[in-house]
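Each value in this text was obtained by applying a stated rule to the coordinates, not by laboratory testing. Here the structure is a predicted model, which means the values were calculated and not measured. Here Cβ is always computed from backbone atoms with ideal geometry, including for glycine, and neighbour counts include all displayed protein chains.
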Amino acid sequence: MTPLCITGARVIDPATGHDGIANVLLRDRLIAGVGDAPPPADVEVIDATGLVLAPGLIDTGVFRADAAACHVGGITRVVLMPDQSPPLDDPAVIAFAQAMGKPDVWVHPLVAATRGLAGQELAEIGLGQAAGAVGVATGRSGIASSAVMHRLLAYSRAFDLPVVTHAEDAALTAGAVATEGDYATRLGLAAAPAFAESLAVARDIRLAEATGARLHIRQLTTAEGIDLVRAAQARGVAVTAGVTPAHVLLNETATAGFRSFARLSPPLRNDDDRRAVIAALADGTISVIASGHDPRTQEDKRLPFADAKAGMAGAETLLALALALVRDHAMPLAAVLRALTAAPAAIFGLQAGALRPGAPADLMLFDEAAPWRISGDRFQGAGNTPFDGLPVAGRVKMTIKGGERVWCG
């Protein structure tokens, strides 16, 4: 493998706080040095003047590990949800999932919380961890039984594995496709109250507090739910939360015209909730930004709104959409990058998300100001995105995994 030296870039490492022009030396799949030393004679030099160099993105809670889409989006690792076929409730299946993306994209599976994700009998969590799982997840839905959830959290604590939960009360959201309110009423859509999220959040926080387990709410999208998490964090509960760009940038009005590409789970909220999400990202209550990558086929999406499947393709647009927080002065660039790299690495115990010497050489180069227009038709895979046609700024120019260039744009 040819050693590389990337010169002239603005190097931002959220894990160490480094932010400045530097040269980064990559050798033997590791970062060998960060500083102002000139490139050694035996390396290939990449002039990155005018670009930003950061750790490769870690996309948390994806439903499909699309290597090509990840490369375009600067993603070098994904944390894979257990909602696969078959579900990730068997050690052999988990081991296969962990190996399938190497070497270009590393997949870190989450073991299913219950067998078949049915919400009844706990899966073999310890064996799942031994097979490579970095956490436990309830899947696309939460666990209705408080007794099962209590056992899950207590059992997971013994293995020091975070429990990733979908925070919605299933009894309230059954059959619903939108958030209850005037807008859903005008469209005639079956809707559930936004507090369906906070009910689930309150229960799971209380159970996590009782067991001492680590809880990660994959998508926290309502002001009431955010207040609960903020208060729990203040009293020392080990709870973290994430969100997708869709719930940062869009509200329920994106479903106008019954646009099925805006059919998401959880559904889009009102604008007060959206603004609360931005404030929670700014103060750290929500620490992770993830794509929610769950691409659907045209057959799944081009249906009446209520019949379309929830989900969107998000890997290729993750960085550009997250950078909107910087342009809107809601968060500094380093904080946005932390939510995309160092924060998920810390939650799931990954040796990634940093540019210190000895760390894996997983990096991305991007042009923070490069303008482009999102076009689902040009995506590497399924192009169902509620952001189709949106002009954005910020484009990945190179993705490096393990010291090797896997994509150049």
query = If you place +1 on the Cβ of every Lys and Arg and -1 on the Cβ of every Asp and Glu, how big does the dipole about the Cα centre of region 176-235 come out, in debye to the nearest 20?
reply = 240 debye
request  = With label points built 7 Å along Cα→Cβ from the Cα atoms of Asp227 and Ala306, find their separation and express it in nm.
outcome  = 3.2 nm
task = Return the sequence-ordered ³J(HN,Hα) values of region 117-131 in whole Hz as given by the Karplus equation 6.51 cos²θ - 1.76 cosθ + 1.60 applied to θ = phi - 60°, using x for Gly and Pro.
result = 6, 8, x, 10, 9, 4, 7, 7, 5, x, 5, x, 4, 5, 7
key: Point-charge dipole on Cβ atoms (K/R +1, D/E -1) for the chain, about Cα centre, debye to 20   = 80 debye
query = Tilt of helix 195-211 relative to the longest C-alpha principal axis of the chain, in degrees (0 to 90, nearest 10)?
reply = 70 degrees
remark   = Among Ser146, Ala194, Ala123, the residue whose Cα sits farthest towards the positive end of the charge dipole of region 56-348, when +1 is placed on the Cβ of each Lys and Arg and -1 on the Cβ of each Asp and Glu, is Ala123
task = Counting only C-alpha contacts under 8 Å and six or more residues apart, can you give the relative contact order of region 56-348 as a whole percent?
result = 17 percent
ask   = Size of the dipole of region 287-370 about the Cα centre, Lys and Arg at +1 and Asp and Glu at -1 on the beta carbon, nothing else charged, in debye to 20?
value = 160 debye
key: Within-12-Å neighbourhood charge of Leu268 [Cβ basis; K, R +1; D, E -1]   = +1
inquiry  = Only counting other Cβ atoms within 10 Å, I'd like Arg235, Arg259, Arg274 sorted with the fewest neighbours first.
reply    = Arg235, Arg259, Arg274
remark   = Going residue by residue through region 266-273, the Karplus relation 6.51 cos²θ - 1.76 cosθ + 1.60 with θ = phi - 60° gives ³J(HN,Hα) values, rounded to whole Hz and with x marking Gly or Pro, of x, x, 4, 9, 7, 6, 5, 5
inquiry  = Looking only at the chain, where both bridge partners belong to it, what percent of the DSSP beta bridges are antiparallel (to the nearest 5)?
reply    = 50 percent
key: Note, ³J(HN,Hα) from phi for region 302-315, Karplus 6.51, -1.76, 1.60, rounded to Hz, x at Gly and Pro   = 7, 9, x, 3, 5, 8, 5, 7, 6, x, 8, 7, x, 4
key: Under-5 Å amide H pairs with Leu355, H placed in peptide plane, nonlocal only   = Ala15, Thr16
query = Taking amide H positions as placed 1.01 Å from N in the peptide plane, with prolines and chain starts having none, which residues 5 or more places from Thr240, or on another chain, fall under 5 Å of its amide H?
reply = Leu215, His216, Ile217
query = What is the calculated FRET efficiency for Asp271 to Ala174, with r their C-beta to C-beta distance and R₀ = 30 Å, to the nearest 0.05?
reply = 0.70
task = Work out how much length Ala147 to Gln351 would gain on full extension: take 0.36 nm times their residue separation and subtract the Cα-Cα distance, in nm to one decimal.
result = 70.1 nm
task = Give the long-range amide H neighbours of Ala22: residues separated by 5 or more places, or on another chain, with amide H under 5 Å away, using H modelled in the peptide plane at 1.01 Å from N.
result = Gly8, Ala9, Val11
message = Ranking request for peptides 28-35, 6-13: highest mean number of other beta-carbon atoms within 10 Å first, then the rest in descending order.
response = 6-13, 28-35
remark   = Nearest 10, in degrees from 0 to 90: the angle of helix 146-158 to the longest Cα principal axis of the chain is 30 degrees
